[in-house]
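Before any comments, here is the structure.
Any read-out appearing in this document is the output of simple, stated calculations on the displayed coordinates, not a laboratory observation. None of the values given here were measured: they were computed from a predicted structure. Counting neighbours? That spans all protein chains shown, and the Cβs are built from the backbone with ideal geometry, glycine included.
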Amino acid sequence: MHTSTRRQGRQRQRLAHSEACATSQTGSALDREGTALTEAFFRARGEVVLDAEVGRRAGAYLARHATARGVRIADALIAAAATTVGLRLFTLNRRHYPMEDLNFYE
């Protein structure tokens with residue numbers, strides 16, 4: 001296996017584990033009923049892959065908005081993932097997402 005292919009595989013695993021950890025931490029903070037609801041929420045939404053296309057779009061967002069608007073990598077990745085697959089973003093803090101092509105859930 002080529003070195004860059006192995007590295008990409010490890011990066012994908014880290015991303016997958018990061019999502020699993022976030023879900024686990026969210027669930028552990030809730031009671032049993034809350035945990036079941038949280039798990040159902042994530043299952044119903046599916047997954048969005050953070051691939052090279054999302055990474056390039058996030059990089060473009062950072063280049064345009066990081067200095068002037070204070071956009072950080074996590075916000076850029078979230079916005080890029082949503083716009084790449086055509087999803088609308090639900091957030092209570094829209095000022096973190098000044099991207100013109102990003103649609104919000106109303």
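At-a-glance table
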{"quantity": "Selection count, the range 59-92, where residues are within 15 Å of the chain's Cα centre (by Cα) and assigned to a loop (DSSP other than H, G, I, E, B)", "calculated": "7"}
{"quantity": "Selection within the range 46-67 - among the basic types (Lys, Arg) and within 13 Å of Ile78 (Cβ to Cβ)", "calculated": "Arg57"}
{"quantity": "Among the residues listed as Ala60, Ala68, Ala80, the single one being within 24 Å of Glu106 (Cα to Cα) and of a type outside the set (Val, Ile, Thr)", "calculated": "Ala80"}
